[in-house]
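What follows is a short report on a single structure.
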Amino acid sequence: MANVTEGYTFRTMQADDYDQAIDLWNGLDGLGLSEADSPERIARFLQRNEGLSFVCEHDGSIIGTILAGHDSRRGFLYHLGVATAHRGQGIAPRLVDKALSALLREGIDKCHLFVMEHNAGGQRFWSANGWEKRDGILLYSRGLELGSNA
Ligand SMILES: CC(C)(COP(=O)(O)OP(=O)(O)OC[C@H]1O[C@@H](n2cnc3c(N)ncnc32)[C@H](O)[C@@H]1OP(=O)(O)O)[C@@H](O)C(=O)NCCC(=O)NCCS
């Protein structure tokens with residue numbers, strides 16, 4: 001695996017990193033963004049999963065992110081992304097390692113993630129880094145509304 005060159009700092013993500021993170025995410029093709037990515041929801045996610053999400057900084061700017069959380073049974077990764085100019089140096093694997101180590105410290109020993117079907121690069125990244133693409137599982141989703149789900 002490529003070594004991360006000097007000048008990059010990895011640290012846990014904080015709520016006030018949001019503006020830089022959303023700018024990065026908006027510029028990445030492979031990520032699926034939704035209303036769950038509002039500043040309030042991301043702040044809530046970080047609070048609920050304190051210390052599990054990370055950013056990578058270069059010259060004081062965020063150039064890489066990973067969100068990690070768990071439901072006490074399994075871990076989940078979201079929004080792994082590295083700015084184009086900083087790719088190919090092993091930054092994404094470092095972010096993944098940090099998130100998985102943090103999950104393991106919480107007692108989580110298995111982690112899942114979602115990849116958009118059209119994101120061929122993302123799929124190749126996960127396969128090249130030891131992740132198994134699961135067959136036989138379909139994802140079902142439903143929006144919830146107060147009052148109609150009692
Ligand atoms: C996927 C992504 C995070 C990789 O970031 P990165 O820091 O440049 O990762 P690296 O290139 O250093 O990857 C590390 C390893 O994965 C491999 N890899 C990375 N992208 C790959 C690809 N598209 N196909 C095959 N292998 C890939 C590299 O070859 C490298 O292995 P090596 O060190 O043994 O050569 C980055 O391309 C990105 O932000 N993509 C857009 C967002 C996205 O799709 N995120 C994933 C969402 S599911």
**Complete:** Across all Cα atoms of region 8-150, Rg and the largest Cα-Cα distance (Dmax), in Å, are 15.3, 50
**Complete:** Under the helix-only model (-39500 (n - 2.57) for each DSSP H run of 4 or more, divided by the residues of the chain), the mean residue ellipticity at 222 nm, to 500 deg cm²/dmol, is -8500 deg cm²/dmol
**Request:** Please give the contour-minus-distance gain from Arg124 to Glu106: 0.36 nm per residue of separation, less the Cα-Cα distance, rounded to one decimal in nm.
**Result:** 3.7 nm
**Request:** Using per-residue counts of other Cβ atoms within 10 Å, averaged over each peptide, order 37-45, 96-104, 61-69 from highest down.
**Result:** 61-69, 96-104, 37-45
**Complete:** Placing each pseudo-label 7 Å from Cα in the direction of the beta carbon, Asp135 and Arg87 end up separated by a distance in nanometres of 2.9 nm
**Asked** Expressed in nm to one decimal, what extension gain is obtained for the pair Glu40 and Ser72 from 0.36 nm per residue of sequence separation less their Cα-Cα distance?
**Response** 9.3 nm
**Prompt:** Accessible area per residue of the chain at 1.4 Å probe, in Å²?
**Reply:** 66 Å²
**GNM top mover of Asp29, Asp135, Asp16 - the chain, alpha-carbon springs below 10 Å** = Asp135
**Message:** What is the percent carbon and sulfur in the accessible area of region 12-80, measuring with a 1.4 Å probe over the protein chains and ignoring ligands?
**Reply:** 41 percent
**Message:** Need one number: nm distance between label points at Arg11 and Phe114, each 7 Å from Cα along Cα→Cβ, rounded to one decimal.
**Reply:** 3.0 nm
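The values are calculated or read from the model by the stated rules, or taken from the named source; none is laboratory data. From a predicted model like this one, the values you see are computed outputs, not experimental measurements. Cβ: placed from backbone, ideal geometry, glycine included. Neighbour counts: every protein chain shown. Ligands, DNA and RNA are excluded from the accessible area calculation, which covers all protein heavy atoms including side chains. Shrake-Rupley method; radii C 1.70, N 1.55, O 1.52, S 1.80 Å.
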